[in-house]
1. Near LYS53, which lysines are there with a Cα under 22 Å away, not counting those fewer than 8 places off in the same chain?
2. Among (1) 15.1, 45; (2) 14.4, 47; (3) 11.7, 38, which is the computed Rg and Dmax of the Cα atoms in Å?
3. What trypsin sites (Lys or Arg not before Pro) does region 16-55 have in DSSP loop regions with at most 14 other beta carbons within 10 Å?
4. Averaged per residue, what accessible surface does the chain expose to a 1.4 Å probe, in Å²?
5. Of ILE49, THR8, HIS32, which is farthest along the charge dipole of the chain in the positive direction, counting Lys and Arg as +1 and Asp and Glu as -1 at C-beta?
6. Please give the FRET efficiency for GLU39 paired with THR8, using the beta carbon to beta carbon distance and R0 = 25 Å, rounded to the nearest 0.05.
7. Summing Lys, Arg as +1 and Asp, Glu as -1, what charge do residues with Cβ under 14 Å from the Cβ of LEU22 carry, LEU22 excluded?
8. Only Lys, Arg, Asp and Glu count, each charged at its Cβ (+1, +1, -1, -1), so figure out the dipole size of the chain about its Cα centre, rounded to 20 debye.
Amino acid sequence: MDEKIEMTPYRMGQLMELSAKLTKTMVSSVWHLTFEEMEFVLDGIRHGIEKGKEERNVPK
């Protein structure tokens, strides 16, 4: 069951701000992340999203 939600301009703006904040943190932080480390962070985020989707679709 895929629910489609309408992406409003405000919501898109909020998501873009979050994306910019994460990107800025990854490229200009005191840790100086490598590209491989950035991929690791993004993979963790993707994993969390997939687990959330799975839990949402589990019948109770």
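The values are calculated or read from the model by the stated rules, or taken from the named source; none is laboratory data. Computed from a prediction, not measured in an experiment: that's the story for all the values here. Ideal geometry is used to build each Cβ from the backbone, glycine not excepted, and the neighbour counts take in all protein chains shown. Heavy atoms of the whole protein, side chains included, go into the accessibility calculation; ligands, DNA and RNA do not. Shrake-Rupley method; radii C 1.70, N 1.55, O 1.52, S 1.80 Å.
1. Hits, sequence-local ones excluded: LYS4.
2. (1)
3. Details: sites: LYS21, LYS24, ARG46, LYS51, LYS53; in loops: none.
When the trypsin sites (Lys or Arg not before Pro) of region 16-55 are filtered for loop state and at most 14 Cβ neighbours within 10 Å, nothing remains.
4. Numbers: 6020 Å² over 60 residues.
Solvent-accessible surface per residue comes out at 100 Å².
5. Of the listed residues, the answer is THR8.
6. On the way: r = 30 Å, r/R0 = 1.22.
That pair, GLU39 with THR8, gives E of 0.25.
7. Numbers: positive: LYS21, LYS24, ARG46; negative: GLU17, GLU37, GLU39, ASP43.
Local charge sum for LEU22: -1.
8. Working: 9 positive and 11 negative charges, 52 e Å.
My answer is approximately 240 debye.
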